[in-house]
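Quick notes on the structure that follows.
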Amino acid sequence: MQTIIGQKVPEFKLQAYHNNGFKEVTDQSLKGKWTVLFFYPADFTFVCPTELSDMADKYAELQAANTEVYSVSTDTHFVHKAWWDASETIKKIKFPMLADPAGKLSRALGTYLEDAGLATRATFIVDPEGVIQMAEYNTNAIGRNAEEIVRMVQAAQFVAANDGLVCPAKWKPGSATLKPGLDLIGKI
């Protein structure tokens, strides 16, 4: 598989359920803010609501960091609304829920499972210019941790704002960073 890190998010136009209504979201909607694209298999399932609830708990923190979250599945925007109406857990969601029923965006980002007609769990962090800075794919049996996604957004933002510095494992804002150079080789 060829990496998509450093590539622009492909052109797309999808419907979303958001704020008790429907709206269109395009690749241009991502410009000017950091973005988390949070793909999951399907509404009315088992692991998915636990992940979306966890992300909903971190949404205000991400918004405060100039970051928008879009959850994405191959369900329609009508199914997203029905799930939001039916589930107290899903009612916590304030971010747009994108509908990709034809699987076009899912295919373009390598998350589409052809045999199942569903997206796999995948997370993408996109910079304000629409360039993918992080991509992570999980088997559908393993849920993600929104706290780690927040940390990755913070690290991506730090690196973007501090040319030449890099963030080591488990880096959090305020922690030590590294400036790669000959003086560090073999010293870490």
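The values are calculated or read from the model by the stated rules, or taken from the named source; none is laboratory data. All values derive from a computational prediction rather than experimental measurement. Ideal geometry is used to build each Cβ from the backbone, glycine not excepted, and the neighbour counts take in all protein chains shown.
Data for the structure
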{"read-out": "Set 54, 100: member being surrounded by 14 or more Cβ atoms within 10 Å (Cβ to Cβ) and out of contact with any strand residue (DSSP E or B) (no Cβ under 6 Å at 6 or more places or on another chain)", "value": "54"}
{"read-out": "Hits in the stretch 142-163 - residues which are out of contact with any strand residue (DSSP E or B) (no Cβ under 7 Å at 6 or more places or on another chain) and either of a type in the set (D, E, K, R) or at pLDDT below 95 (or both)", "value": "147, 148, 151, 163"}
{"read-out": "Matching residues in the stretch 135-157 - criterion: being surrounded by 17 or more Cβ atoms within 10 Å (Cβ to Cβ), of a type in the set (A, V, I, L, M, F, W, C) and more than 23 Å from residue 99 (Cβ to Cβ)", "value": "150, 152, 153, 155, 156"}
{"read-out": "Given (1) at pLDDT below 95; (2) touching a strand residue (DSSP E or B) at 6+ places or on another chain (Cβ under 8 Å); (3) loosely packed, with under 14 Cβ neighbours inside 10 Å, index of the condition residue 182 fails", "value": "(2)"}
{"read-out": "Filter result (surrounded by 16 or more Cβ atoms within 10 Å (Cβ to Cβ), out of contact with any Asp or Glu (no Cβ under 6 Å at 6 or more places or on another chain) and under 24 Å from residue 77 (Cα atoms)) within the stretch 111-134", "value": "111, 112, 118, 119, 120, 121, 122, 124, 125, 126, 130"}
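To keep it simple, each residue is scored yes or no on (1) under 12 Å from residue 96 (Cβ atoms); (2) touching a strand residue (DSSP E or B) at 6+ places or on another chain (Cβ under 6 Å); (3) among the β-branched types (Val, Ile, Thr); (4) in contact (Cβ under 8 Å) with a residue 12 or more places away in the chain.
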| position | (1), (2), (3), (4) |
| --- | --- |
| 10 | no, no, no, yes |
| 13 | no, yes, no, yes |
| 34 | no, yes, no, yes |
| 38 | yes, yes, no, yes |
| 42 | no, yes, no, yes |
